[in-house]
Amino acid sequence: MAGRRRAAPPYRLCPRRCDPVAQPLRRRGHRPLRPAARRARRRAPGRAAGALRTRPHQEGRMAGFGAVLAAVMSLLIVVRHTREEEEEEGRQELLSAAVVGRRAPLTAALLTALTANALLAVVIAGGTALSGRPAAGSLALGLAIGGTGTLFAGLAAIAAQLTEGARLAKGLTGAALGLAFALRAAGDAATADAASPLTWLSPVGWSENLRPYAGERWWILLLFLAATALAGSAAYALTARRDLGMSFLPARPGPALAPRSLSGPFGLAWRLQRATLLGWTTGFLCAGAVFGGIAEGASDLVGGNQQTREIVERMGGQQGLTEAFLATMAGLLGMVAALYAAGAVLRLRGEETGERAEPVLAGAVGRLRWAGSHLVIAYGGTAVILASGGLGLGLAPGLSVDDLGGQLGPVLAAALSQVPAVWTLTGLAVLVFGLSPKATPAVWALVGGCLAIGWLGPSLKFPAWAMNLSPYSHLPKLPGADATATPFLWLPALSALFALLGLVGVRRRDIG
């Protein structure tokens, strides 16, 4: 008996051991997931179906976040080229006087958004494929993100026809995007395989069910195609049935008398930007809570995939996988916060080109007071939304280990540590607005470049000089890493210098 080989024991047909791969993995030291980790996997917004066996790459699990950013890009493009800079400024009326069809501006806006999303899909698919990832999964990842962006371009076109102003059109499309993200998060929390009806109701959930790197479902691309065609057809039908400058939703008249809070430039700036700030604050609080909910099972999410572990550590630091994950999410919140800061600064340009700044400046209001009132909200609002994101990010880990005070403080500090980098981009936006107002669209290119460096740089192994182009690369990876005061001093100083030069330009140049 001593010389005979023992027969391998039969596999037990139970839920955990029905997979023939499970027993060899367990003998090599892999342990089954804890109940908390399994719940975290189900809550993970970026988790693709089948991830328990295949453990797809980090890009596949984060496809939903890329889809949200693509949707934001698309709604800004479409609203800007329909309501914001065409009808509100009177350009479309001049074009319509010539031999130009009434659907031409909408067609141009949709083609611009389609081109931007196609380029984004090509860059993502090509970049991930060149880095050694499977070509099919890379193509699915790019098409999932580009398809979501194209679909929300169609939804933004509908909102532009329904509303009279660009702000309300952006708000309606943003609300639809928030609802789609919430449905996907709720569906992921309800089931472990992305099969919940809530997930299938969300266009962001379709990008998950396309399953990049985990057995691609190519037929889901037909859902994106059909929904985009339906949204585009509805937008064209609506634009053919309304008058130029009008809308289907009537504008609500304001009060007859203005409150005392509007007696100064700051009160006016607050009135114009408070709804946007409230929306971003609420969104960051919810996003932080979702990210914090999956931090508990970060180690089991990564598992034994060394490549994914290295990506998370490059993005969040070497101080431990859970802390690296929290640092990565804090950095992601900081990069997205730059979108709010850029929009808050460029609201000055919208007031200027919309001829609403001249009546304000015709009174006893100087240019510096007018511009400074908006900049106070841009700089202060950045800290507010990052604080709300850090609050949501730290609550779930703190409550899960019954150490709210010990967990919330470091995570909240990690989120607020992104403020100097966001302020640097805010100062650049002020500089461009003050010295070359016609070049303000380049601000979005600067912010998008920093997002691309921070999101794709660690996974594609960008060289150090390219990573250092982003102000976020100079910040410590908190929580857990050693922090020095140097970047928290020179980045705000650089931002103040940019803002000062921009305000000097505003004071000396012509308005308009």
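Here are a few things to note about the model shown:
- Sequence of Leu222, Leu198 when ordered by accessible area, the most exposed leading, probe 1.4 angstrom: Leu222, Leu198
- Here segment 100-218 is treated with +1 on each Lys and Arg Cβ and -1 on each Asp and Glu Cβ, and its dipole about the Cα centre works out to around 320 debye.
- Annotation: peptides 179-185, 63-69, ranked by per-residue average of other Cβ atoms within 10 Å with the highest first, follow the order 63-69, 179-185.
- Rolling a 1.4 Å probe over the protein chains gives Tyr236 an accessible area of about 60 Å².
- Taking segment 122-222 and dividing mean pair separation by its residue count, relative contact order in percent (alpha carbons under 8 Å, at least six apart): 29 percent
- The dipole here belongs to segment 435-512: it is taken about the Cα centre, uses +1 on the Cβ of Lys and Arg and -1 on the Cβ of Asp and Glu, and is about 240 debye.
- Virtual spin-label span in nm between Ala108 and Leu262, 7 Å along Cα→Cβ: 3.3 nm
- Length added when fully stretched, Arg508-Leu469, from 0.36 nm per residue minus Cα-Cα: 11.0 nm
- Once the Cα-Cα distance is subtracted from the 0.36 nm per residue extended length, the Thr282 to Leu435 segment shows a gain of 51.7 nm.
The values are calculated or read from the model by the stated rules, or taken from the named source; none is laboratory data. A quick note: this is a predicted structure, and the numbers were derived from the prediction, not measured. Don't worry about glycine lacking a Cβ; one is built from the backbone with ideal geometry, like all the others, and counts go over all protein chains shown. Please note that ligands, DNA and RNA were not included when accessible areas were found on the heavy atoms of the full protein model with its side chains. Shrake-Rupley method; radii C 1.70, N 1.55, O 1.52, S 1.80 Å.
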